[in-house]
Amino acid sequence: MTAKWEKTGTNVGVLEVELPSEEFGAALDVAFKSVVKRVNVPGFRKGKVPRKIFEMKFGVESLYQDAVDYLLPRAYDVAVKETGIFPVDRPSVDYLQAEQGKPFVFKATVVVKPEVTLGEYKGLEIEDKKFEVTDESLQEELDNIRSSHAQIEVVEDGEVEKGDTVSIDFRGTVDGEPFEGGEAENFQLEIGSGMFNAGFEDQLIGMKPGETRTIQVTFPEEYHVKSLASKPAEFEVVLHDIKRKVLRELNDEFVQEISDFQTVDEFVADLKESLEKRAEADRERYLEDEAVTKATENAVIDLPEVMVEHEIDHQVDNFARQLQYQQIPLDAYLEFTGTSMEELRAQFKEGAEKRVRIELVLEEIAKQESLEPTPEDLQSELAKIAEQANMEIERVQQLMNLRDPGLQNMRHDLRNSRVAKFLVENSKLV
C-alpha cells in the first residue's frame, strides 16, 4: 500500500491511498462469502452458490460496494498511521478506482488536529491567594455539622422564620392568567434556599399556619421561561405547616454520637486539620487553574470548528444525563424552557472552545517537556486506588480496564495533572 498526505488548508488535507489489485481481489472474496448467504438462486441452497454461477447471474460488479465497505476503513486506518496524521472528524471519501484486477485507489479529505504554537508557559506570573482556615470558617463548618444532625420540630404556634421548611399551596397568575408550573399543593420549601424568585420566600416570613397571603414578584429578565421573563406575577399562597431545625448542643455527648472522638476539643482539632488540608488542596487547584489558563491564552491555535462541535455534543449529552437523573427528558426541558437545541448548543459553545484549547495546549506541553505518564506512574495510581478500596491491585486493574480500556482516561488525567503541576512549579508567585 502507498499513502500520500498533502495539506490543502490550515487544518485540512487530502490523503491519497493506493492498494494493489491483490488486496481488492481478497476483499471481493470476503464480500462474496457474505453476500452469497443472502441470495436465492434456483437449484442451489442458500449460501452454496458457486462463485462463477453467482458472477454470471449478478455480475462481479455487484460485489464492489461490499468489498469497498470492507477494505476502505482498514486501509484508511493503516494510511493514517503511516502518514502520522491525526484526524478529528470522519473523512470525506472519493473512490478513484475500485475494479477487479486493478489497484484500489481512493482519496480522503481529512480535517486534522491543529498545530499548537506555544507561547510563554514557563515563568508565568501568578497572583498567589491564601486559603486560610479562620475562626469564622471553622465555626461555619461546625454549624453545618450541627445542622445536618439537627432535630426537626413542627412549629405549632409561631411564625415562619428564615431557615424554616414550610408546606404550602400556591397558584400563580400573570396578567390574570395561570401559567404552566405556577401551581402546586403541599410544596416543601426551605425559606432562604433561593429556590423561588427573589422576594417570594422573603414574603412568606411572618406567616402562620392556616394563613393565606397574596405575594407579588417580578420574573427576572434572564428567566429560563422566555414568555415569563420580566413579567410581574401574583401568587395566592396557603401555609399549611412550619418545620424548624433544632440544633443539638456541641458537647462531648454529641461528639461521641457522631464520631469516634470522645471530647469536643479532639473533634474540633481534627476538623480544623481536615479543613487546613482542604484549604491547601484548594490553593493548589487555584494555582494550577491559573497557570493552565495563562499558558492557554499565550498559545496560538487555529481551532477547527468541528472539534468545538464534538465537544458541544459531549456537553449536551452530559447535560441530558443530568436531567435524566431528575427524570426530566431533554425534549421536555427544551419545551418547558422555550429553548431550541440550537440555542442550548450556543450556551455551551464558549466553554467547549475553552476546553478544547486547554486540552491541545496541555498535550503539546506534555510532548515538549516529556511529561506523558510512564507505566510506573500508572501502577502507582492503581496502587493508590487499590489501597483506598482495600482490594488487590490486579483486581483493580482488571475492573479499571473494563470501564477504561487501555487505561486511556487514566493516562489522560495523569498527563494533565503532571502538566498543571509543572506549570505551577515553573511559575512566579506574586
Please verify whether residue 415 is of a type in the set (Lys, Arg), touching a helix residue (DSSP H, G or I) at 6+ places or on another chain (Cβ under 7 Å) and either part of a helix (DSSP H, G or I) or closer than 21 Å to residue 296 by Cβ (or both), treating the condition exactly as stated.
yes
Tell me yes or no: at least one residue of the stretch 331-339 is open to solvent by less than 70 Å² (accessible area, probe 1.4 Å), farther than 30 Å from residue 425 by Cα and aliphatic (A, V, I, L, M).
yes
Scan the stretch 5-17 for residues that are within 32 Å of the chain's Cα centre (by Cα) and open to solvent by less than 60 Å² (accessible area, probe 1.4 Å) and jot them down.
9, 11, 12, 13
Can you tell me which residue within the stretch 292-310, out of those that are of a type outside the set (Asp, Glu) and either in a loop (DSSP other than H, G, I, E, B) or in contact with a strand residue (DSSP E or B) (Cβ under 9 Å, 6 or more places away or on another chain) (or both), is surrounded by the fewest Cβ atoms within 10 Å (Cβ to Cβ)?
300
For the stretch 117-139: of the residues being of a type in the set (A, V, I, L, M) and more than 30 Å from the chain's Cα centre (by Cα), which is surrounded by the most Cβ atoms within 10 Å (Cβ to Cβ)?
133
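Rundown of residues vs (1) over 25 Å from residue 290 (Cβ atoms); (2) at pLDDT 90 or above, yes/no style:
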site: 319; (1), (2): yes, yes
site: 334; (1), (2): yes, no
site: 365; (1), (2): no, yes
site: 370; (1), (2): no, yes
site: 412; (1), (2): no, yes
With the structure loaded, tell me whether residue 221 is within 35 Å of the chain's Cα centre (by Cα) and modelled with pLDDT under 90 or whether it fails that test.
yes
Sort out which residues of the stretch 18-66 are in contact (Cβ under 8 Å) with a residue 60 or more places away in the chain and open to solvent by less than 20 Å² (accessible area, probe 1.4 Å), and write them in order of number.
19, 24, 27, 28
Are any of the residues in the stretch 222-231 open to solvent by 60 Å² or more (accessible area, probe 1.4 Å) and of a type in the set (A, V, I, L, M)?
no
For the stretch 140-162, enumerate the residues that are in a helix (DSSP H, G or I) and open to solvent by less than 90 Å² (accessible area, probe 1.4 Å).
141, 142, 143, 144, 145, 146, 147, 148
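Name the single residue that is modelled with the lowest pLDDT among those in the stretch 94-115 being hydrophobic (A, V, I, L, M, F, W, C) and surrounded by 17 or more Cβ atoms within 10 Å (Cβ to Cβ). It would help to see each step written out before you state the result.
Applying the first criterion (hydrophobic (A, V, I, L, M, F, W, C)) to the stretch 94-115 yields 96, 98, 104-106, 108, 110-112.
Of the ones still in play, those that are also surrounded by 17 or more Cβ atoms within 10 Å (Cβ to Cβ) are 98, 104-106, 108, 110-112.
Details: 98: 93, 104: 96, 105: 96, 106: 96, 108: 97, 110: 96, 111: 96, 112: 96.
Filtering first and then ranking leaves 98.
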Starting from the stretch 232-258, keep only residues that are without any contact (Cβ under 8 Å) to a residue 40 or more places away in the chain, then list their pairs with residues that are in a loop (DSSP other than H, G, I, E, B) whose Cβ atoms are within a distance under 6 Å, requiring at least 6 positions of separation or different chains.
252/263; 255/261
Can residue 353 be described as in a helix (DSSP H, G or I) and in contact with a strand residue (DSSP E or B) (Cβ under 8 Å, 6 or more places away or on another chain)?
no
When the residues of the stretch 234-246 are narrowed to those that are more than 38 Å from the chain's Cα centre (by Cα) and hydrophobic (A, V, I, L, M, F, W, C), which ends up surrounded by the fewest Cβ atoms within 10 Å (Cβ to Cβ)?
246
In the stretch 164-182, residues that are surrounded by 12 or more Cβ atoms within 10 Å (Cβ to Cβ) and modelled with pLDDT under 90 total 2
So in the stretch 184-218, with the set limited to residues that are among the charged types (D, E, K, R) and open to solvent by less than 80 Å² (accessible area, probe 1.4 Å), which one is modelled with the lowest pLDDT?
201
Candidates 270, 317, 289, 313 - the one that is open to solvent by 30 Å² or more (accessible area, probe 1.4 Å), assigned to a helix (DSSP H, G or I) and more than 30 Å from residue 11 (Cα to Cα)
270
Can you find a residue in the stretch 344-364 that is free of Cβ contacts under 8 Å to residues at least 24 places away in the same chain and over 23 Å from the mean Cα position of the chain (by Cα)?
no
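The values are calculated or read from the model by the stated rules, or taken from the named source; none is laboratory data. Note that the structure is a prediction, hence the values are computed from the model and not measured. All Cβ positions, even for glycine, are placed from backbone atoms using ideal geometry, and neighbour counts span all protein chains on display. Remember, those area values only see protein heavy atoms, side chains included, never the ligands or the DNA or RNA. Shrake-Rupley method; radii C 1.70, N 1.55, O 1.52, S 1.80 Å.
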